[in-house]
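Comments concern the structure below.
The values are calculated or read from the model by the stated rules, or taken from the named source; none is laboratory data. The structure displayed is predicted, hence computed values, not measured ones. Please note: Cβ atoms are built from the backbone with ideal geometry, for glycine as well, and neighbour counts cover all protein chains shown.
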Amino acid sequence: MSGLLQALAAVVGPGQVMSSGDLSAWETDWRQRYRGRALAVVRPGSTTEVAAVMRACTAHGAGVVPQGGNTGLVGASVPDASGTQVLLSLSRMNRIRAIDGANLTLTAEAGCVLQAVQEAAAERGLLFPLSLAAEGSCTIGGNLATNAGGTQVLRYGNSRELCLGLEVVTPVGEVWDGLAGLRKDNTGYSLRDLYIGSEGTLGVITAAVLKLSPQPVARTTALAACATLAAATELLQLAHARLGAGLTGFEVMGDFALALVARHFPQWRQPLAPSALAPWRVLLEQSDSESQAHARSLFEGLLETALERGLIADAAVAETVAQSRAMWQLREAIPLAQAEEGPNIKHDIALPISRIAAFVAETDAALRQAFPGVRLVNFGHLGDGNLHYNVQAPDGVAPADFLRDCEPAVNSLVYDAVGRHGGSISAEHGIGTLKRDELARRKSPQALALMRAIKRALDPEGRMNPGRVL
């Protein structure tokens, strides 16, 4: 493959092709679960260079693994162990190309960090609402490749709904320029939607036109305690009725999830004390276009009614921006606390909101019976039906041993229950390597056949992110 390395160096410059030394930052995933070996890490600086890299890889028969911030959770953005795949890092392609205030759009390259896009929009008095725990390191290309969700899907939608156009390099090095930024374009198949959520298996997203919104005049945040998930679901219905489109966030957290945060991050104060009578916490956020007083009045009215109806046992309303951020910090700290506790079995599932309480009650009981002492970390985006249903090893059991011995059986039990309740095995994290075999078992044959036909049509030689998704 020396000829390929020479060809790549001629395209991007020798300093942007790394084939020796410590490449672990690119070859190891965020969870430290997948470790591969790349033929080379290549860092192009423009769409033209990406296209030339793809042509070189096609000429030499090499597979290509696109990578953004490498914050994914399903093993989709690191190479396999063969040492034959080119790791295509988009990190140098980090420019904001344009902001169109009249069209309410921002055009960004794929390597732009999500937080940088948020800040660029805010500087113009606008909002890019995609918000994730990893927003300081994840990139727009990766967000789109996985159709990332986050905490404001309830109002603004997933990444797919926040994208009006793409620029994509095909496996053979051609460039599709779909950056018109139109809200209406009914001229055939939606190519944009094929690439969003495809996890780098169909082409390389190099830039995107993103949808912006006006900044809200006021935000209000509260943490409420609920006795049951059914009560939390009723609270969600009430919040929809009272706040309408102003309801931007509705997160749920189980008591053990917050206990892990208290154990590993004791410096982060929790506004509501743990309670066996109200073991669920709901984090609500409202955005208002009128005034802080109007927002506060609506919010307090909602919470008063919820207390009167017995849907919540207690609530704390943020009085300052700092208090609001502290509440969100508790929610975002749960995955970090889990990592400190040790490796765990993650499930990123979607369910009809009306089925979540029954699913959790049934599946919690089944897991505790099958795996005595198992600890369940339930949290997620109740407002859009996305639950992070994670399983931690029992106290005294080595986490690595628990994963090795029990993960297949745990997954089978959880995913069978997801199927019975009409859900999906992946809500926002994607399929990658982690869930590829589960997808083959649980997706309908017709859907799989259509997906494989699309893959063959757009990537007939199977060069793009080989072994992922399908």
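This table checks each residue for (1) crowded, with 18+ Cβ neighbours inside 10 Å; (2) within 19 Å of residue 145 (Cβ to Cβ); (3) in contact with a Gly (Cβ under 7 Å, 6 or more places away or on another chain).
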residue: 420; (1), (2), (3): no, no, no
residue: 426; (1), (2), (3): yes, yes, no
residue: 432; (1), (2), (3): yes, yes, yes
residue: 450; (1), (2), (3): no, no, no
residue: 453; (1), (2), (3): no, no, no
residue: 464; (1), (2), (3): yes, yes, yes
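Of the residues 113, 153, the single one that is touching a residue at least 24 places away in the same chain (Cβ under 8 Å), of a type outside the set (D, E, K, R) and either farther than 21 Å from residue 204 by Cβ or in contact with a Leu (Cβ under 9 Å, 6 or more places away or on another chain) (or both) is 153. Just wondering, is there one or more residues in region 117-138 that are closer than 17 Å to residue 204 by Cα, among the hydroxyl-bearing types (Ser, Thr, Tyr) and touching a strand residue (DSSP E or B) at 6+ places or on another chain (Cβ under 9 Å)? For region 117-138, residues closer than 17 Å to residue 204 by Cα, among the hydroxyl-bearing types (Ser, Thr, Tyr) and touching a strand residue (DSSP E or B) at 6+ places or on another chain (Cβ under 9 Å): absent.
How many residues does region 116-150 contain that are in a loop (DSSP other than H, G, I, E, B) and in contact (Cβ under 8 Å) with a residue 24 or more places away in the chain?
Of the residues in region 116-150, the ones in a loop (DSSP other than H, G, I, E, B) are 124-125, 128-138, 146-150.
Now drop any that are not in contact (Cβ under 8 Å) with a residue 24 or more places away in the chain, which leaves 124-125, 128-130, 133-134, 137-138, 146-150.
Adding up the residues that qualify gives 14.
Which one of these is over 30 Å from residue 84 (Cβ atoms), assigned by TED's automatic domain parsing to the domain that holds residue 231 and exposed (fewer than 12 other Cβ atoms within 10 Å of the Cβ): 372, 445? Checking each option against the conditions leaves just 372.
Only residues that are among the aliphatic types (A, V, I, L, M) and in contact with a Leu (Cβ under 8 Å, 6 or more places away or on another chain) were counted across region 1-22, and they come to 4. The residue that is farthest from residue 259 (Cα to Cα), among those in region 302-338 that are out of contact with any helix residue (DSSP H, G or I) (no Cβ under 9 Å at 6 or more places or on another chain) and among the small types (Gly, Ala, Ser), is 322.
Restricting 64, 42 to residues that are within 29 Å of residue 348 (Cα to Cα), of a type outside the set (Phe, Trp, Tyr) and outside the structural domain of residue 334 (by TED's automatic domain parsing) narrows the list to 64.
State which residue is surrounded by the most Cβ atoms within 10 Å (Cβ to Cβ) when the search covers only region 342-352 and only residues that are outside any loop (DSSP other than H, G, I, E, B) and touching a helix residue (DSSP H, G or I) at 6+ places or on another chain (Cβ under 6 Å). Reasoning before the result, please.
Initial filter on region 342-352 (outside any loop (DSSP other than H, G, I, E, B)): 345, 348-350.
Next, only the ones that are touching a helix residue (DSSP H, G or I) at 6+ places or on another chain (Cβ under 6 Å) stay: 345, 349.
Working: 345: 21, 349: 25.
The selected residue is 349.
Filtering region 182-238 to residues that are over 22 Å from the mean Cα position of the chain (by Cα), in a helix (DSSP H, G or I) and either β-branched (Val, Ile, Thr) or in the same structural domain as residue 151 (by TED's automatic domain parsing) (or both) leaves only 233. Checking the structure you have, find out if any residue of region 330-340 is small (Gly, Ala, Ser), in the same structural domain as residue 269 (by TED's automatic domain parsing) and either under 15 Å from residue 267 (Cβ atoms) or buried (at least 20 other Cβ atoms within 10 Å of the Cβ) (or both). Checked region 330-340: at least one residue is small (Gly, Ala, Ser), in the same structural domain as residue 269 (by TED's automatic domain parsing) and either under 15 Å from residue 267 (Cβ atoms) or buried (at least 20 other Cβ atoms within 10 Å of the Cβ) (or both).
Applying the selection to region 171-223, what residues are without any contact (Cβ under 8 Å) to a residue 12 or more places away in the chain and either in contact with a Cys (Cβ under 9 Å, 6 or more places away or on another chain) or not aromatic (Phe, Trp, Tyr) (or both)? Within region 171-223, 177, 184, 185, 186, 187, 188, 190 qualify. Considering 351, 382, the condition of being under 30 Å from residue 434 (Cβ atoms), touching a residue at least 40 places away in the same chain (Cβ under 8 Å), in contact with a His (Cβ under 6 Å, 6 or more places away or on another chain) and not basic (Lys, Arg) is satisfied by 351 alone. Listed by first and then second residue, the pairs linking a residue in region 451-462 that is in contact (Cβ under 8 Å) with a residue 60 or more places away in the chain and in the same structural domain as residue 198 (by TED's automatic domain parsing) to a residue that is loosely packed, with under 15 Cβ neighbours inside 10 Å and part of a helix (DSSP H, G or I), with Cβ atoms under 8 Å apart and 6 or more places separating them unless they lie on different chains, form an empty list. State yes or no: is residue 20 assigned to a loop (DSSP other than H, G, I, E, B), among the polar types (S, T, N, Q) and without any contact (Cβ under 8 Å) to a residue 60 or more places away in the chain? For residue 20, the condition - assigned to a loop (DSSP other than H, G, I, E, B), among the polar types (S, T, N, Q) and without any contact (Cβ under 8 Å) to a residue 60 or more places away in the chain - is met. Sort through 322, 357, 316, 326 and tell me the only one that's of a type in the set (A, V, I, L, M), part of a helix (DSSP H, G or I) and closer than 22 Å to residue 276 by Cα. Of the residues listed, the single one that is of a type in the set (A, V, I, L, M), part of a helix (DSSP H, G or I) and closer than 22 Å to residue 276 by Cα is 357.
Among the candidates 66, 79, the residue that is under 20 Å from residue 466 (Cβ atoms) and part of a strand (DSSP E or B) is uniquely 66. Reported count of residues in region 243-296, each being of a type in the set (D, E, K, R) and either part of a helix (DSSP H, G or I) or touching a Pro at 6+ places or on another chain (Cβ under 8 Å) (or both), is 4. Does at least one position in region 71-81 carry a residue that is in contact with a Phe, Trp or Tyr (Cβ under 6 Å, 6 or more places away or on another chain), of a type in the set (S, T, N, Q) and either crowded, with 18+ Cβ neighbours inside 10 Å or under 14 Å from residue 28 (Cα atoms) (or both)? Looking through region 71-81, at least one residue is in contact with a Phe, Trp or Tyr (Cβ under 6 Å, 6 or more places away or on another chain), of a type in the set (S, T, N, Q) and either crowded, with 18+ Cβ neighbours inside 10 Å or under 14 Å from residue 28 (Cα atoms) (or both).
Looking only at region 248-292, which residues are among the small types (Gly, Ala, Ser) and free of Cβ contacts under 8 Å to residues at least 24 places away in the same chain?
Step one: of region 248-292, the residues among the small types (Gly, Ala, Ser) are 249, 254, 257, 259, 262, 273, 275-276, 278, 287, 289, 291.
The answer is 259, 262, 273, 276.
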